[in-house]
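The structure under discussion appears below in the form of structure tokens.
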Amino acid sequence: MGVPQQGDWKTVAKPGWFGEAKNDMLAHFDQDYGAGNWRIRHRLGPRLLNLPEALRLYELCYELHFLNPNTRFLWTKLFEQACEVWTEYESDVESGLDYSIQKAKAPHYEDVSIRIIMKQYGHQFGGERLIRVRADSNDVIGIALSSIHIPFVFPEFIESDAHGVQWWNRHRGSLEHFWHANKELQVAFKK
């Protein structure tokens, strides 16, 4: 079967959070459906977003948070205190502005989004320490700028939770909530 055409895909599951089990889950999808016969998409209303489109939306949420005068002080403190940011491993800094450089078991997009926003608006890190941007960070700025605290730009499109209450959907309307609640596993089907 060649590469499936648009419309040749059917949503079979809402897999939710992958985390550190991502590689195992993807291998399981290969085993169950065959390599190249499945894909992950994010639903935004009637649209299905591929990863680059979904990451641009992810980035937009961070950008709007940066531009919001009520949260700008968090960013100012980050620029002053951090020499760099990371999410999963300190080596995340090697990703720079490239979302595709993922060395950790769990994907990290927060740190890349922050670097992209900084570059776009002409800011640089001026601090002396690495700051982890994650909900369980040891740094209050890192916690505040984690995706669980970044509002999703279109909260009305966040899907109902098929997984019950999880750590990623306790903050309703957040970017993290959207990222996992709207994730769909699609499988190619033959006509």
Scanning segment 53-76 residue by residue, the ones that are touching a helix residue (DSSP H, G or I) at 6+ places or on another chain (Cβ under 9 Å) and of a type in the set (V, I, T) total 1
Subset of segment 8-45, residues in a helix (DSSP H, G or I), surrounded by 14 or more Cβ atoms within 10 Å (Cβ to Cβ), of a type outside the set (F, W, Y) and touching a residue at least 60 places away in the same chain (Cβ under 8 Å), comes to G19, K22
Every listed condition ((1) over 23 Å from Q102 (Cβ atoms); (2) surrounded by 13 or more Cβ atoms within 10 Å (Cβ to Cβ); (3) at pLDDT 85 or above) holds for L48 save (1)
Scanning segment 92-126 for residues that are exposed (fewer than 12 other Cβ atoms within 10 Å of the Cβ) and among the small types (G, A, S), the one farthest from N50 (Cα to Cα) turns out to be G126
The lone condition H171 fails out of (1) surrounded by 13 or more Cβ atoms within 10 Å (Cβ to Cβ); (2) modelled with pLDDT of 90 or more; (3) in a loop (DSSP other than H, G, I, E, B) is (2)
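Given the structure, is V165 at pLDDT 95 or above, surrounded by fewer than 16 Cβ atoms within 10 Å (Cβ to Cβ), among the aliphatic types (A, V, I, L, M) and out of contact with any Gly (no Cβ under 8 Å at 6 or more places or on another chain)?
Numbers: at pLDDT 95 or above: no; surrounded by fewer than 16 Cβ atoms within 10 Å (Cβ to Cβ): yes; among the aliphatic types (A, V, I, L, M): yes; out of contact with any Gly (no Cβ under 8 Å at 6 or more places or on another chain): yes.
Taking the combined requirement at face value, the residue does not satisfy it.
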Of the candidates L48, L60, L97, the one satisfying the condition of being more than 17 Å from K119 (Cα to Cα), touching a residue at least 12 places away in the same chain (Cβ under 8 Å) and hydrophobic (A, V, I, L, M, F, W, C) is L48
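Looking at segment 100-135 only, could you name the residues that are of a type in the set (K, R) and in contact (Cβ under 8 Å) with a residue 60 or more places away in the chain? Step through it out loud before you land on a result.
Residues of segment 100-135 of a type in the set (K, R): 103, 105, 115, 119, 129, 132, 134.
Correct list: K105 only.
The values are calculated or read from the model by the stated rules, or taken from the named source; none is laboratory data. Only a predicted model underlies this, so the values are computations on that prediction, with no experimental measurement involved. A quick note on method: Cβ atoms are made from the backbone with ideal geometry, for glycine too, and the neighbour counts reach across all protein chains shown.
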